[in-house]
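All remarks here apply to the structure that follows.
The values are calculated or read from the model by the stated rules, or taken from the named source; none is laboratory data. A quick note: this is a predicted structure, and the numbers were derived from the prediction, not measured. Every residue, glycine as well, gets a Cβ built from its backbone with ideal geometry; the counts of neighbours run over all protein chains shown.
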């Protein structure tokens with residue numbers, strides 16, 4: 001039985017009453033305004049995605065109908081099937097693309113989580129010469145995304161002879177500042193007393209890291225994983241890998257979709273299916289991990 | 001002992017102390033080492049290299065040749081297209097940065113006021129465009145310039161326009177269209193941080209505020225919510241700066257490369273032009289360096305502003 005602050009038992013009936021009480025300082029007009037704004041902008045945010053999903057299931061005659069419809073009338077799986085037929089007829093097999101994708105994503109993410117959590121543990125739980133400065137660097141580099149750094153990055157990878165290998169994508173993913181940042185911030189919420197008492201009991205740093213801290217930061221690990229997967233999925237590194245057998249599924253699909261400026265009209269349906277496949281993966285990952293991601297983001301604040 | 005000697009001794013003692021500290025924590029340096037090496041190679045080194053190469057002429061085949069500030073002089077004094085790109089990037093950053101940032105916060109705040117069971121769904125609706133990747137290509141269908149385009153067809157049907165508008169090739173409409181698309185897809189990780197931050201503020205603070213005379217939710221926002229979220233606000237700002245200065249992929253895919261009259265040509269597009277097409281790496285590095293400086297400067301400015309909130 002739960003007891004409230006005054007010492008009274010919280011019965012089922014009382015809990016219902018407590019919940020029914022409106023939050024203080026809330027006007028009905030304000031609530032209506034909030035719903036209005038959210039519905040209005042929600043429609044704006046959802047519209048292109050709804051359009052994309054519907055397009056993927058439209059038969060060709062509905063895609064080219066005039067005036068165009070938002071919603072599909074006779075849904076068909078034809079476009080998705082066509083996409084897979086095109087992919088299966090390519091001289092590089094579908095399973096090869098899939099293997100490349102899974103390998104790059106798994107290797108990149110696992111390495112990233114291990115390396116970043118190890119470093120984050122050191123910076124979060126101890127203060128040593130250079131630790132503050134290093135974390136400051138991490139925060140600043142959160143702003144520099146790969147579009148700004150692609151040229152020196154290409155030169156470095158070329159020096160390492162990694163261009164056109166898996167490593168050109170996998171190894172840089174290990175060092176992404178975002179995952180390090182989130183893990184460090186979340187580790188800050190693990191009480192230092194846990195670490196200290198383990199130390200008194202004679203545990204080594206490695207034992208404290210692997211047995212005490214890591215199990216407690218699972219939400220952050222999951223979040224860093226989702227962000228890493230999304231990063232690898234959404235950024236087909238076409239500059240870095242150009243051998244067809246080494247390309248990933250997103251890159252292969254992007255090649256089929258083509259550019260909107262040289263539209264492949266005959267494949268309009270396939271394009272729509274390709275866009276659908278491209279967006280389903282990151283969105284469903286987010287849905288699956290949403291509560292853990294929000295738990296992690298709650299500790300993301302930067303103190304200046 | 002003279003003052004100088006005292007100073008020297010003090011410094012020596014400090015250095016000895018630092019060295020002792022470093023020795024004491026040598027395991028931790030070992031922990032940090034793997035991440036640091038990769039981070040330094042693929043994130044720090046590119047920034048330093050950009051800075052270094054920006055003072056050279058470098059075409060990848062020959063060794064870089066030092067030419068001082070020549071690249072910067074050329075950029076600002078004789079490259080008209082760079083100035084157009086700079087103007088476009090600043091317009092995009094000044095509009096999509098703050099507007100996107102404020103929208104992200106307001107949406108998060110509104111969503112936090114909703115009943116618990118719809119929050120997860122509404123969060124998904126607003127955040128999905130950020131992670132949907134190639135889905136922004138759908139905007140190309142919506143804004144297609146002929147009468148078959150979704151927007152054109154419906155505006156003609158409603159009688160708003162009589163002939164199709166070239167949304168993505170007419171210089172008059174390109175910038176607003178790009179701004180809309182960028183705003184649509186860049187609520188970003190900051191939005192999630194805001195949602196998470198809002199839900200973790202202690203309820204007792206609001207009760208105390210009520211006693212102290214907070215009258216409505218706007219006062220609650222200014223006096224209680226915002227000051228307790230400064231960390232999240234800073235994180236959101238960093239994310240917004242990243243998204244708003246690095247616009248390039250969207251313009252390239254929707255408006256073409258180069259776009260009509262360079263109307264939405266951004267600094268990132270210019271960088272790709274010189275780096276990946278003309279192989280003038282020194283010049284491209286100068287462009288990247290200018291972007292880095294602009295981003296860091298903006299971050300410092302925003303940080304000063306955020307620390308004043310609620311005072």
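One table, with the values for the structure above:
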{"item": "Condition met for residue B:193 (part of a helix (DSSP H, G or I), buried (at least 19 other Cβ atoms within 10 Å of the Cβ) and at pLDDT below 85)", "result": "no"}
{"item": "Per-region count, the range B:28-51, residues more than 8 Å from every other protein chain (Cβ to nearest Cβ) and in contact (Cβ under 8 Å) with a residue 60 or more places away in the chain", "result": "1"}
{"item": "Residues of the range B:134-164 satisfying the condition of being more than 7 Å from chain A (Cβ to nearest Cβ), buried (at least 21 other Cβ atoms within 10 Å of the Cβ) and either outside any helix (DSSP H, G or I) or touching a residue at least 40 places away in the same chain (Cβ under 8 Å) (or both)", "result": "B:136, B:143, B:144, B:149"}
{"item": "Scope the range A:260-273; condition within 8 Å of chain B (Cβ to nearest Cβ) and either at pLDDT 85 or above or farther than 22 Å from residue A:54 by Cβ (or both); matching residues", "result": "A:261"}
{"item": "Condition check for residue B:125: buried (at least 16 other Cβ atoms within 10 Å of the Cβ) and more than 22 Å from residue B:261 (Cβ to Cβ)", "result": "yes"}
{"item": "Hits in the range A:85-98 - residues which are surrounded by 14 or more Cβ atoms within 10 Å (Cβ to Cβ) and in a helix (DSSP H, G or I)", "result": "A:86, A:87, A:94, A:96, A:97, A:98"}
{"item": "Neighbours by Cβ (under 6 Å, 6+ apart or cross-chain): first from the range B:64-88, assigned by TED's automatic domain parsing to the domain that holds residue B:179 and at pLDDT 95 or above; second in a strand (DSSP E or B) and surrounded by 13 or more Cβ atoms within 10 Å (Cβ to Cβ)", "result": "none"}
{"item": "Unmet requirement for residue A:161, which otherwise passes all of (1) in contact (Cβ under 8 Å) with a residue 24 or more places away in the chain; (2) at positive phi", "result": "(1)"}
{"item": "Residue in the range B:45-63 that is nearest to residue B:281 (Cα to Cα), counting only those that are outside any helix (DSSP H, G or I) and modelled with pLDDT of 90 or more", "result": "B:58"}
{"item": "Subset of the range B:165-181 that is crowded, with 24+ Cβ neighbours inside 10 Å and away from every other protein chain (no Cβ under 13 Å) - its residue that is farthest from residue B:129 (Cα to Cα)", "result": "B:174"}
{"item": "Residues of the range A:286-304 satisfying the condition of being facing another protein chain (nearest Cβ under 8 Å) and assigned to a helix (DSSP H, G or I)", "result": "A:286, A:287, A:290, A:291, A:293, A:294, A:295, A:296, A:297"}
{"item": "Some residue of the range B:194-204 being in the same structural domain as residue B:259 (by TED's automatic domain parsing) and within 28 Å of residue A:53 (Cα to Cα)", "result": "yes"}
{"item": "Condition broken by residue B:303, with the remaining ones in (1) within 11 Å of chain A (Cβ to nearest Cβ); (2) not in a helix (DSSP H, G or I) satisfied", "result": "(2)"}
{"item": "Flag for residue B:242 being out of contact with any helix residue (DSSP H, G or I) (no Cβ under 7 Å at 6 or more places or on another chain) and in contact (Cβ under 8 Å) with a residue 12 or more places away in the chain", "result": "yes"}
{"item": "In the range B:165-190, the residues that are in a helix (DSSP H, G or I), at pLDDT below 90 and over 19 Å from the mean Cα position of the chain (by Cα)", "result": "B:171, B:172"}
{"item": "Only listed residue being over 28 Å from the mean Cα position of the chain (by Cα) and touching a residue at least 24 places away in the same chain (Cβ under 8 Å), chosen from A:129, A:59, A:75, A:68", "result": "A:59"}
{"item": "Candidates B:241, B:296, B:309, B:277, filtered to the one that is surrounded by fewer than 17 Cβ atoms within 10 Å (Cβ to Cβ) and at the interface with chain A (Cβ under 7 Å from one of its Cβ atoms)", "result": "B:296"}
{"item": "Every pair of residues 6+ apart whose Cβ atoms lie under 7 Å, when the first sits in the range B:197-210 and is within 7 Å of chain A (Cβ to nearest Cβ) while the second is not in a helix (DSSP H, G or I)", "result": "B:197/A:298; B:197/A:301; B:200/A:298; B:210/A:24; B:210/A:25"}
{"item": "Residue A:250 being in a helix (DSSP H, G or I), modelled with pLDDT under 85, surrounded by 22 or more Cβ atoms within 10 Å (Cβ to Cβ) and not assigned by TED's automatic domain parsing to the domain that holds residue A:59", "result": "yes"}
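Here is a yes/no grid of residues against (1) more than 21 Å from residue A:155 (Cβ to Cβ); (2) in a loop (DSSP other than H, G, I, E, B):
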position	(1), (2)
B:234	yes, no
B:239	yes, no
B:250	yes, no
B:254	yes, no
B:265	yes, yes
B:276	no, no
B:287	no, no
B:293	no, no
B:298	yes, no
